[in-house]
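Here is the structure we will look at.
The values are calculated or read from the model by the stated rules, or taken from the named source; none is laboratory data. Bear in mind that the values here come from a model prediction, so they are computed numbers and not experimental data. Neighbour counts are summed over all protein chains in view; Cβ atoms, including those assigned to glycine, are modelled from backbone coordinates with ideal geometry. Just the protein is used for accessible areas: all its heavy atoms, side chains included, with ligands, DNA and RNA removed. Shrake-Rupley method; radii C 1.70, N 1.55, O 1.52, S 1.80 Å.
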Amino acid sequence: MLRKSFLIVTLIVGLLAVFAISALGSEKLIINSYQSDPAPKKVFAELVVQFRAIHPEYEVTVNTFAHEDFKTLLRTWLNSSNAPDVVTWFSGERMRYFASKELLEPIDDIFKEGFEAYFPNAFKSACAFDQQLYFVPVSWYWWGVYYRKSIFEDLGLTTPVTWKQFKDVCAKLKENDYIPITIGTKYLWTAAGWFDYLNMRVNGLEYHLKLTNGEIPYTDPGIEGVFKYWRELIDAGYFIDNHTSYSWQEAANYLFTGEAGMYLMGQFIKDVAPEDVKDDLDFFRFPVINGEIGLYEDTPIDGFMIPAKAANKNAAKVFLEFLASKSAQEYNAKELGRLAANKFVLAPDPHAQDGLNMILESDGVMQFYDRDSNPEMATAGMNGFVEFMDQPEKLNSILQNLENQRKRIYQK
């Protein structure tokens, strides 16, 4: 009788184990991603395969959206009762804005040995809000003036260091029927890169961060000085015509085909470059304008968050812990040429090492205009920057409008 009872108990335990495994196997994980360019989309899909090999108990669905569509849809998802479990996003103010609205899940428990066991301590402020972590950084990258090495060699050009040298390079390119600078401002943010660098080179990092924090008027003489330098390039005809018609990728094609010589852009430009062009692309540091101002750079950090209304938070945290690991970040960095956020991952190639060296030699870094500003102010600012590029004679009214917006937004 005892033996029979034991067999029955054993059978029941076994069945319960099977049911438990079955239940785990049906646990879903929904990820919404903005990684729509072919290279990052492919690498992320491969990372999901690696995750599933370690955790077959999760059924993973990745929904990929065009980058600009994603930015618009994210607010809707975060406020939805049917929110995804994991979303791609940006660190800094862009993340903190949603955390302040209680739309994100704290993830401190992912880092059992502490955030600093995975990442540089300097990254922590960009990933936290009100003393809690909400963001897993996966990769970061530098911005620089990308150029075609072959065009520079053919024209006998050397990479410029000063503003005057930069304008001389632009003039030489134009004289030889090249577009000196390509840019696509259809989606605004590319113009913000120009504002960032000009402001950091003219007024310095502390001033720039005070501006993005709403503490400096847009009508301040320091800001007017920024646009004076920008207008030198516009009035000389150094930017591509009809830039508002192009996305950043479409504008990059002018660099890839050899019609344009330079493009101020992040390292991810190499994601969309044809294979036969990649080795002909290089970058230099944005030129010095005021030698008494330090050398500051944009270094945006990309990563992942969990919506507060996600249905499968435990699965989401397991996935984010995987993404924080050295192995996952090393794979991502190697395949895309990025710099990994995990501090134990080395630069994956000489190009990335050059970018890392530039950042290490800088006097300070920030995220990006629209990542460090209030989202509403960032939108107003970027619209103003693009309007200025198209109609520089309207600068005074543009700056006054931005100042009106600043007063309204930061008095909330």
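Tabulated data
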| quantity | calculated |
| --- | --- |
| Single residue of the range 75-97 satisfying the filter (part of a helix (DSSP H, G or I), touching a strand residue (DSSP E or B) at 6+ places or on another chain (Cβ under 8 Å) and modelled with pLDDT under 95) that is farthest from TYR141 (Cα to Cα) | ARG96 |
| Wholly within the range 131-236, strands (runs of 3 or more DSSP E) carrying at least 1 residues that are open to solvent by 10 Å² or more (accessible area, probe 1.4 Å), modelled with pLDDT under 95 and in contact with a Pro (Cβ under 8 Å, 6 or more places away or on another chain) | 136-140 |
| Qualifying residues in the range 237-289 (those that are of a type in the set (Phe, Trp, Tyr) and assigned to a loop (DSSP other than H, G, I, E, B)) - the one modelled with the lowest pLDDT | PHE268 |
| Among the residues listed as ALA45, ALA39, ALA17, the single one being under 21 Å from ALA328 (Cα atoms), modelled with pLDDT under 95 and not in a loop (DSSP other than H, G, I, E, B) | ALA39 |
| Flag if HIS243 is open to solvent by less than 20 Å² (accessible area, probe 1.4 Å) and touching a Ser or Thr at 6+ places or on another chain (Cβ under 8 Å) | yes |
| Matching option when the condition is aromatic (Phe, Trp, Tyr), farther than 19 Å from ALA128 by Cα and surrounded by 17 or more Cβ atoms within 10 Å (Cβ to Cβ), among PHE304, PHE286 | PHE286 |
| Residue within the range 263-277 that is touching a residue at least 40 places away in the same chain (Cβ under 8 Å), open to solvent by 10 Å² or more (accessible area, probe 1.4 Å) and of a type in the set (Ser, Thr, Tyr) present | no |
| Residues of the range 326-346 satisfying the condition of being buried (at least 18 other Cβ atoms within 10 Å of the Cβ) and part of a loop (DSSP other than H, G, I, E, B) | GLY337, ARG338, ALA341, ASN342, VAL345 |
| Subset of the range 355-369 that is over 17 Å from the mean Cα position of the chain (by Cα) and in contact (Cβ under 8 Å) with a residue 24 or more places away in the chain - its residue that is surrounded by the fewest Cβ atoms within 10 Å (Cβ to Cβ) | GLU361 |
